[in-house]
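**Student:** Starting off with a structure, shown below.
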Amino acid sequence: MLCEDLEQERLFRPILEELGPVRVVRGKTTGGFTFVFKSALKEEATYVRQRPKEAVGLLVVVDGDQVGSKGRLDQIQEVLRLVGFETKDKMPDRIAACIPSRNVETWLLWLGGRRELDEHTDYKTKLQIELKNIRWSQLLEAWFLPSEEQLRAEKATLPALASGRAEIDRLKKLAKG
């Protein structure tokens, strides 16, 4: 897993551990976006590309920030093309992207039960106290055991989260494949 910061790692590590051992490459507490795009993504994608017969994959987690999920996905796919992957209209088989929009804190609050959210507001600064009181076990339960109502609401309200779930599911299917 390649991610920007500790919050992303704390959410996605236990989700990926269902697939087996997880190696995390993470940026520092600030400037994680630059770390992911300026150095680590090419290196990690090349590692996956050079091992076509091995059971290795890559989850790239990077916040959408001001450019949104689609903008970040385009940036990721451009880097992957430079490394030699075909990315026309989709991610390569063993590489997935979870792009919280606007940031992972939006997903954390949603999974923690908040439903009056959108993908354009920066909740990292707006709801700092609430974010500090998050129970990680509750978040993981909401990820692993979502209700049908929750999934419908995610698709309508936080499509980036619904897309992230689909990307994780795609990696799981490939791992079991």
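The values are calculated or read from the model by the stated rules, or taken from the named source; none is laboratory data. Because the structure is a prediction, the values reported are computed rather than measured. In this analysis, Cβ positions are derived from the backbone assuming ideal geometry, glycine residues included, and neighbour counts consider all displayed protein chains.
**Student:** Give the residue that is surrounded by the fewest Cβ atoms within 10 Å (Cβ to Cβ), with candidates limited to residues of segment 65-114 that are in a loop (DSSP other than H, G, I, E, B) and in contact (Cβ under 8 Å) with a residue 60 or more places away in the chain.
**Tutor:** Only one residue fits best here, namely ASP93.
**Student:** Answer with yes or no whether ILE15 is surrounded by 14 or more Cβ atoms within 10 Å (Cβ to Cβ), closer than 29 Å to ASP118 by Cα and touching a Leu at 6+ places or on another chain (Cβ under 7 Å).
**Tutor:** The answer is no for ILE15.
**Student:** Looking at segment 138-155, can you tell me whether even one residue there is part of a helix (DSSP H, G or I), farther than 29 Å from LYS90 by Cβ and not acidic (Asp, Glu)?
**Tutor:** Yes, the conditions are met somewhere in segment 138-155.
**Student:** State all residues of segment 13-49 that are in contact (Cβ under 8 Å) with a residue 12 or more places away in the chain and farther than 22 Å from VAL79 by Cα; if no residue qualifies, say none.
**Tutor:** Within segment 13-49, ARG13, PRO14, ILE15, LEU16, GLU18, LEU19, GLY20, VAL22, THR29 meet the criteria.
**Student:** Which one of these is more than 22 Å from ALA142 (Cα to Cα) and modelled with pLDDT of 95 or more: GLU78, GLU54, GLU86, GLU44?
**Tutor:** From the options GLU78, GLU54, GLU86, GLU44, the qualifying one is GLU44.
**Student:** Enumerate the pairs (first residue in segment 115-126 and assigned to a helix (DSSP H, G or I); second residue anywhere and surrounded by 14 or more Cβ atoms within 10 Å (Cβ to Cβ) and modelled with pLDDT of 90 or more) with beta-carbon separation below 7 Å, excluding pairs fewer than 6 apart on the same chain, so at least 6 apart or on different chains.
**Tutor:** Going by the 7 Å Cβ cut-off, the qualifying pairs are TYR123/GLU105; TYR123/THR106; TYR123/LEU109; TYR123/LEU117; LYS124/ASN103; LYS124/GLU105.
**Student:** In this structure, is ILE134 buried (at least 16 other Cβ atoms within 10 Å of the Cβ) and over 20 Å from LEU59 (Cα atoms)?
**Tutor:** yes
**Student:** Can you tell me how many residues within segment 35-61 are farther than 20 Å from ASP93 by Cβ and either hydrophobic (A, V, I, L, M, F, W, C) or surrounded by 13 or more Cβ atoms within 10 Å (Cβ to Cβ) (or both)?
**Tutor:** Within segment 35-61, residues that are farther than 20 Å from ASP93 by Cβ and either hydrophobic (A, V, I, L, M, F, W, C) or surrounded by 13 or more Cβ atoms within 10 Å (Cβ to Cβ) (or both) number 4.
**Student:** Would you be able to say whether some residue in segment 157-169 is under 25 Å from GLN66 (Cα atoms), at pLDDT 95 or above and assigned to a loop (DSSP other than H, G, I, E, B)?
**Tutor:** Yes - at least one qualifying residue is present in segment 157-169.
**Student:** Name the pairs whose Cβ atoms lie under 8 Å apart, with the first residue in segment 136-152 and closer than 12 Å to ARG165 by Cβ, the second of a type in the set (Val, Ile, Thr) and surrounded by 13 or more Cβ atoms within 10 Å (Cβ to Cβ), and 6 or more positions between them or separate chains?
**Tutor:** TRP143/ILE15; PHE144/ILE15
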